[in-house]
Amino acid sequence: MPISEITEKLLAAKKDKGITFEELEKTIGRDETWIASVIYRQASADMDEATKLVTALGLPESTAEELTIPPLKGSLEPQIPTDPLIYRFYEIMQVYGMPIKAVVHEKFGDGIMSAIDFSVEVEKVPDPKGDRVQIIMCGKFLPYKKW
């Protein structure tokens, strides 16, 4: 996945500062995954959010304006992803996509889950057999229109 120049700067500053996405969440007042999506240029921030982010990372305030520009979304190549973590999401959709779709349609009817009116939370769940990753996706149901 090609990473933009601004993303490289932001990630380098984040690493240099030793700051986590969770710490940025507390500073900016937005969810850590949303903040990561701004850094990876998959979401845009308003000027206040962008200024808080670049200030927390010790970057010039002039860097903030670029983060307010609506990005070109969708960073994955149109092929099967090779990064193991991202591939697992692809695998999950290959295995569970149709079953999830069937359950959503049974509960809501014919429609989709919004990826615009949407949130995602990533949690670490301690487990004696090995910590677990819990991902909660929450999107508005959008019924298909009849005309």
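The numbers here are math on the coordinates, done by the rules we state, and not lab data. These figures come from a predicted structure and were not determined experimentally. Every residue, glycine as well, gets a Cβ built from its backbone with ideal geometry; the counts of neighbours run over all protein chains shown.
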Length-normalised contact order for the chain - Cα pairs under 8 Å, 6+ apart - percent: 17 percent
Dipole axis of the chain (+1 Lys, Arg; -1 Asp, Glu on Cβ), positive-most option in VAL120, GLN42, LEU57: VAL120
Ranked THR51, THR82, criterion: other C-beta atoms within 10 Å, fewest first: THR82, THR51
For VAL104, VAL95, order by how many other beta-carbon atoms lie within 10 Å, fewest first: VAL95, VAL104
Per-residue HN-Hα couplings for the range 3-11 [Karplus 6.51, -1.76, 1.60; θ = phi - 60°; Hz; x = Gly/Pro]: 10, 5, 4, 5, 5, 4, 4, 5, 5
Overall dimensions of the range 84-143 as given by Cα atoms, namely Rg and Dmax in Å: 13.8, 42
Relative contact order for the range 5-68, counting Cα pairs under 8 Å that sit 6 or more residues apart, in percent: 33 percent
Sorted by Cβ neighbour density within 10 Å, fewest at the top, the residues SER75, SER114: SER114, SER75
Given LYS52/LYS73; LYS26/LYS140; LYS9/LYS52; LYS26/LYS124; LYS101/LYS129; LYS73/LYS101, the pairs whose alpha carbons are separated by over 20 Å: LYS52/LYS73; LYS26/LYS140; LYS101/LYS129; LYS73/LYS101
Principal-axis tilt of helix 84-108 within the chain, Cα atoms, nearest 10 degrees: 50 degrees
Gained length - GLU91 relative to SER119, 0.36 nm times residue gap less alpha-carbon distance: 8.0 nm
Prolate/oblate/rounded label for the range 5-68 (Cα gyration tensor, a/c 1.5): rounded
Net dipole in debye of the chain [+1 Lys, Arg Cβ; -1 Asp, Glu Cβ; about Cα centre; nearest 20]: 480 debye
Long-range Cα-Cα pairs in the chain (distance over 23 Å), rounded percent: 49 percent
For the range 115-123, Karplus couplings with θ = phi - 60° (6.51, -1.76, 1.60), whole Hz, Gly/Pro x: 9, 9, 8, 8, 9, 9, 10, 10, 10
Neighbourhood net charge (13 Å Cβ-Cβ; Lys/Arg +1, Asp/Glu -1) for LEU11: +2
Built amide H within the under 5 Å cut-off of ILE112, gap 5+: LEU142, TYR144
